[in-house]
Amino acid sequence: MRKLLAVSALVLCLGARSPKLSKDDQVIHALNRLTFGPRPGDVEAVRKMGVKKWIDLQLHPERIAENPELAQRLAPLESLRLSQADTERNYPNPQMIRAIAAGRQAMPEDPVTRAAVERVVRRFKVKKDTVDNGPLEPQVSLDQLLSHEQIRTLRTGTVEQKRAVITAIPKDQMDDVAIALPPGLRLQLLPAVEPTLRRKLMLLTAPQQLVAFDLSEGKLYRAILSNRQLEEQLVDFWYNHFNVFLDKGADRYLVPTYEREAIRPHVLGKFRDLLEATAKSPAMLFFLDNWQSVGAMAQQRGNAKRPARGLNENYARELMELHTLGVDGGYTQKDVTEVARCFTGWTIRQPREGGDFFYNDRVHDKGEKIVLGVTIPAGGGRDDAEKVLDILARHPATARFISKKLAQRFVADDPPQKLIDKMAKIFRDKNGDIREVMKTMLTSDEFFSQAAYRAKVKTPFEMIVSAVRATGAQVDFAFPLANQIAQLGEPLYRKLEPTGYSDANSEWVNSAALLARMNFALALAQNKVPGSRLDASLFNGAPADIARQVLFTDAKPETLAAIEKQTQGSTNAPVVGLMLGSPDFQRR
Amino acid sequence: MTTRRLFLKSSGLAMFGVGAAPLWLARAADAPGARKKVLVAVFQRGAVDGLNVVVPFGEKNYSVLRPTIAIPAPKSGVESAVDLDGFFGLHPSLAPLKPMFDANKLAIVHAVGSPDPTRSHFDAQDYMESGTPGRKATTDGWLNRALPALGDARKSPVRAVSLGPSLSRAVRGHNDAVAINNLNEFKVHEADGAATFESMYASTLDTILNGTGRETFDAVKLMQSIQAQPYTPANGAKYPGGRLGQSLMQIARLIKADVGLEVAFTDVGGWDTHVNEMGQLANLLGNFGQALAAFYQDLGDRIEDVAVVTMSEFGRTAKENGNRGTDHGHANVMFAFGGAIRGGKVYGEWPGLAPEQLYENRDLALTTDFRDVLSELVVKHLGNSQLAGVFPGYAQPKFRGLISS
């Protein structure tokens, strides 16, 4: 009998279940996974509240009071709040400005655009009938406004010195100075000036880029400062899942609305709602070409005056392959074509002027379609596509695919099938309620298992944000961090392929990326990253203590040994920098 | 061109003193004829429209299927195809490649690709990089497996290189491979930090980070010597702006530095021309052609040691779609130049574009497997005849005679 008991005990221990984490490790693990990295004080706060309670709170962001500093940082980023049409009007593209200044084009009629253009054009010498595309000459040149000394400081001084020169310029001359600065120098000065002037300088140099600037800054400030961390993680996840490439034509103006109105409101809501919001968003309709897709009766051969039109399958394919069923979800090429036919007519008003979704019945294919075995009768309209969304949202393959992706992001690259199945079942039972699926995952044994603990390698975005959060660095100009993230391989909003960025470990662990992480870590620690300021005096203790400050747990003995071996008192490689670049810090 | 000894003496590596130099380097310096053969793979991501890259103007169905986006036959105006052999022509933007073709250095293979029916970019790229179409379980890439086996002492840390911020699938595997984004920046900027980081990563028990860490620092040491010497492309070669030009220039630099590079991979995206193909394709091909031509020119005599092959995950529909573009298709075109390539010819069996000749009634049909082309390069150029290991499940490729044995 004893032998039987012993054997069965052994069998139980060898079972598929990984040992559970200690209470302390659970806290760190939860923080690592639900947030973009713990900040000083977070571990104590979560321990005090209790992990389960904290997770539940994060699942209900509306109950969390937001960090007031965030609103402050987001306030100047006005392009994030504009409608599509207004974005285009307020940030006219440089070709238009140049053409108007050169007298080749009339001023725009729209009063808002006209005002924006006038502000710029007025200060340049208008060259009538010029064809050249070179830089425009300002009415007043820089050396008429500033001394040689001042100009030299602006080019080569420290940030403080540059700031001093700028502050000394009389207010009524500031606009003229801004225009007179060569574009390269304007960009160099961005870290040295306060936000309002910064926007002015960017508007003059690269107005089309301002939306991209605002998006990256906004995303970074939220990740760094928001108390609703899980919500921000999910905005990142869902944007990536329904990826749109910022630099494709009109998408430049469409993405802020997309993230704000199609993604953010639905991250913990019903998948069906999220799916429809993305399907109808001008950003997605433009990115995957559905706005141009028309049914057979509306197809026309192109000629000199009008473009050819026909069915476009791009969105239909990615809708099934990437957004819902997954590539193994069981759809065929025929299904792709049928879905495309259903979506004909789902288009946008004048995309280049920032239009909204509208359904154009005239170009809709009204024939009968069969999608994944379901007949959609002839004579339908806008609801044909809505029926497709219903079919896809309810499909068991979708429940599995979405559950797996979430588990890969929040648990491990290769999550246990048992967990995926559990999550998929909840997905189906609760009609795609994302919050319920998340809750199932985040309270599971698999989530809190040893196998999941520190199993994920941080993506570039996660590494950089967690470094800022862990060290308590102050960020008053986030854009240089966005550049660093691009160096590490993950330029924000700029993944070309609809697949979005992978968060698999293998994607991010390679030589170029590793070196970039180490270089960033040292640069941050030495305060060489413009716009971010770390208080080095906080990190003067012994290496083991500094480790605990930024890792929130003990460093591995090998890491400490390597640090202790180095020459003492090296200010070029501060211990906190070495810690942020260590193998320990790369995992979450 | 400096000999290896001269290079060692005059470069930053001299600081090591030959006694302290890595073993493989010392050996390589002594062994005559030890210059490595290099295989460079360029991946056009997004499924380039092969039918408009190498235009079958002799095929009467071509312009019927593409009323608005067909490239005009040669000599019918400014934007017409560059005649290659009376049937096929190059897209006009690829004119920079014509001299190579005429010099019998550039070979073209048409109606080539992967037999797998998938039209998913993601899957098809994965299959082509892993070298095992249809199999998702493969974790490494064909280019890594293609490296000839060598004894440990002679292996350079930069035998396999992928240009860009991430390590491409094709180069991943049990042989050390390094991702290089920018050669000049490939180091830890602070010397103090470098030593500590190196020690940390060498001793960490985190296997993934340890492995990559070691490879990284070995490669960093190697790069130091190259970084010390500023680079000017030879023979008046001018690389165009953009990533591909930069990547190829860095590969050229690595080749000439004789650091043991054997396989290199780089990619260029943007080829997914569903809408308004003509202008986009012309721009992309302009840059593509100039970059490859500059690489060829820059290498000069060295081209004898180097073979370049281009590929894309699948082709595009034979018939244009309703948006003056094309959708995902099947067979495509590949270029190969350098080494002992027998250029000046378009290889492969042309299946035709009549309705009954199309694959699934829509795409160019496949008559050559991409592994036939790559296998021939692996065996005859790299000198690795262990093909079963390079292309599992495809050990009997059909060589097309692209290379002199």
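The values are calculated or read from the model by the stated rules, or taken from the named source; none is laboratory data. Just so it is clear, the model here is predicted, and its values are computed rather than measured. Cβ placement follows ideal geometry from the backbone for every residue including glycine, while neighbour counts extend to all protein chains displayed. Side chains included, ligands, DNA and RNA excluded: accessible areas come from the protein's heavy atoms. Shrake-Rupley method; radii C 1.70, N 1.55, O 1.52, S 1.80 Å.
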| message | For a quick check of your reading of the model, give me the residue pairs whose first member lies in segment A:183-199 and is under 15 Å from residue A:162 (Cα atoms) and modelled with pLDDT of 85 or more, whose second is in a helix (DSSP H, G or I) and among the aromatic types (Phe, Trp, Tyr), with beta-carbon atoms closer than 8 Å and at least 6 apart or on different chains. | response | A:190/A:479
| request: Could you tell me which residue of segment B:188-201 is least open to solvent (accessible area, probe 1.4 Å), considering only residues that are modelled with pLDDT of 90 or more and more than 7 Å from every other protein chain (Cβ to nearest Cβ)? | output: B:194
| task | List the number of the failed condition for residue B:140; all other conditions in (1) assigned to a loop (DSSP other than H, G, I, E, B); (2) within 30 Å of residue B:221 (Cβ to Cβ); (3) touching a strand residue (DSSP E or B) at 6+ places or on another chain (Cβ under 6 Å) hold. | result | (3)
| request: Report the residue count in segment B:130-155 for those that are more than 28 Å from residue A:460 (Cβ to Cβ), surrounded by 19 or more Cβ atoms within 10 Å (Cβ to Cβ) and at pLDDT 85 or above. | output: 6
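Return yes when residue B:252 is crowded, with 23+ Cβ neighbours inside 10 Å and at pLDDT 95 or above and no when it is not. Before you say what the answer is, go through the steps one by one.
Details: crowded, with 23+ Cβ neighbours inside 10 Å: yes; at pLDDT 95 or above: yes.
The answer is yes for residue B:252.
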| query | Looking at segment A:133-203, what helices (runs of 4 or more DSSP H) fall wholly within it and have at least 1 residues that are more than 33 Å from the chain's Cα centre (by Cα)? | reply | A:142-145, A:148-156, A:159-168, A:171-180
| message | For residue B:179, only one of the following conditions fails: (1) small (Gly, Ala, Ser); (2) in contact with an Asp or Glu (Cβ under 9 Å, 6 or more places away or on another chain); (3) open to solvent by less than 10 Å² (accessible area, probe 1.4 Å). What is its number? | response | (2)
| query | Any idea which of (1) crowded, with 24+ Cβ neighbours inside 10 Å; (2) more than 7 Å from chain B (Cβ to nearest Cβ) is the one residue A:493 doesn't satisfy? | reply | (1)
| field | Breaking point among (1) touching a Gly at 6+ places or on another chain (Cβ under 9 Å); (2) facing chain B (nearest Cβ under 7 Å); (3) modelled with pLDDT under 95, for residue A:499 | value | (1)
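For (1) of a type in the set (Gly, Ala, Ser); (2) within 13 Å of chain A (Cβ to nearest Cβ), each residue gets a yes or a no:
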site	(1), (2)
B:151	yes, no
B:160	yes, yes
B:176	no, yes
B:203	yes, yes
B:208	no, yes
B:226	no, no
| remark: Restricted to segment A:505-525 and to residues being open to solvent by 20 Å² or more (accessible area, probe 1.4 Å) and within 7 Å of chain B (Cβ to nearest Cβ), the residue farthest from residue A:462 (Cα to Cα) is A:519
| said: Would you confirm whether or not segment B:128-141 contains a residue that is away from chain A (no Cβ under 13 Å) and hydrophobic (A, V, I, L, M, F, W, C)? | reply: yes
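Hey, does segment B:373-390 have a residue that's in a loop (DSSP other than H, G, I, E, B), within 14 Å of another protein chain (Cβ to nearest Cβ) and crowded, with 19+ Cβ neighbours inside 10 Å?
Just the residues of segment B:373-390 that are in a loop (DSSP other than H, G, I, E, B), to begin with: B:382-386.
If we keep only those that are within 14 Å of another protein chain (Cβ to nearest Cβ) too, we end up with none.
No, the conditions are met nowhere in segment B:373-390.
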| Does segment B:325-342 contain any residue that is within 14 Å of chain A (Cβ to nearest Cβ), over 19 Å from residue B:54 (Cβ atoms) and touching a residue at least 12 places away in the same chain (Cβ under 8 Å)? | yes
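Residue by residue, here is whether (1) at pLDDT below 90; (2) within 8 Å of chain B (Cβ to nearest Cβ) holds:
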| residue | (1), (2) |
| --- | --- |
| A:288 | no, no |
| A:304 | yes, no |
| A:310 | yes, yes |
| A:326 | no, no |
| A:332 | no, no |
| A:340 | no, no |
| query | Do we find that residue A:439 is surrounded by fewer than 21 Cβ atoms within 10 Å (Cβ to Cβ), in contact with a Leu (Cβ under 8 Å, 6 or more places away or on another chain) and either aromatic (Phe, Trp, Tyr) or touching a residue at least 24 places away in the same chain (Cβ under 8 Å) (or both) in this structure? | reply | yes
| task | Give the residue, chosen from A:450, A:474, A:487, that is within 11 Å of chain B (Cβ to nearest Cβ) and polar (S, T, N, Q). | result | A:487
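Every residue in segment A:361-375 that is open to solvent by 60 Å² or more (accessible area, probe 1.4 Å), over 37 Å from the mean Cα position of the chain (by Cα) and in contact (Cβ under 8 Å) with a residue 24 or more places away in the chain, please.
The initial filter retains those residues of segment A:361-375 that are open to solvent by 60 Å² or more (accessible area, probe 1.4 Å), namely A:361-362, A:366, A:368, A:370, A:373-375.
From what's left, over 37 Å from the mean Cα position of the chain (by Cα): A:366, A:368, A:375.
Selection gives A:366 alone.
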| query | In segment A:557-588, what residues are in a loop (DSSP other than H, G, I, E, B), within 11 Å of another protein chain (Cβ to nearest Cβ) and open to solvent by less than 50 Å² (accessible area, probe 1.4 Å)? | reply | A:566, A:570, A:573, A:574, A:581, A:582, A:583
| message | Suppose we keep only residues that are under 21 Å from residue A:453 (Cβ atoms) and free of Cβ contacts under 8 Å to residues at least 24 places away in the same chain within segment A:405-422. Which one would you say is most open to solvent (accessible area, probe 1.4 Å)? | response | A:414
| said: Can you tell me which residue is farthest from the chain's Cα centre (by Cα) among those in segment B:277-323 that are within 14 Å of chain A (Cβ to nearest Cβ) and among the basic types (Lys, Arg)? | reply: B:319
| Among all residue pairs at least 6 apart or on different chains, which show Cβ distances below 7 Å where the first residue, located in segment B:224-238, is among the aliphatic types (A, V, I, L, M) and the second is outside any loop (DSSP other than H, G, I, E, B) and open to solvent by 30 Å² or more (accessible area, probe 1.4 Å)? | B:237/B:297
| note | The residue that is nearest to the other protein chains (Cβ to nearest Cβ), considering only those in segment A:535-556 that are of a type in the set (A, V, I, L, M) and within 32 Å of the chain's Cα centre (by Cα), is A:555
| request: Within segment A:526-556, count every residue that is open to solvent by less than 10 Å² (accessible area, probe 1.4 Å) and part of a helix (DSSP H, G or I). | output: 3
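Checking the conditions here, which among B:110, B:121 is crowded, with 22+ Cβ neighbours inside 10 Å, out of contact with any Ser or Thr (no Cβ under 7 Å at 6 or more places or on another chain), more than 22 Å from residue B:348 (Cβ to Cβ) and not aliphatic (A, V, I, L, M)? So that I can check it myself, show each step before the final result.
Numbers: B:110 fails: more than 22 Å from residue B:348 (Cβ to Cβ).
The conditions single out B:121.
Please note which helices (runs of 4 or more DSSP H) are completely contained in segment A:64-116 and include at least 2 residues that are of a type outside the set (Ser, Thr, Tyr) and at pLDDT below 70.
Values: elements: A:68-74, A:84-90, A:94-101.
Of the helices (runs of 4 or more DSSP H) lying wholly inside segment A:64-116, those with at least 2 residues that are of a type outside the set (Ser, Thr, Tyr) and at pLDDT below 70 span A:94-101.
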| request: Go through (1) in contact (Cβ under 8 Å) with a residue 24 or more places away in the chain; (2) within 14 Å of chain A (Cβ to nearest Cβ); (3) part of a helix (DSSP H, G or I); (4) not acidic (Asp, Glu) one by one and return the number of the condition residue B:274 breaks. | output: (3)
| Within segment B:326-360, tally of residues that are open to solvent by less than 50 Å² (accessible area, probe 1.4 Å) and either part of a loop (DSSP other than H, G, I, E, B) or over 25 Å from residue B:120 (Cβ atoms) (or both) | 21
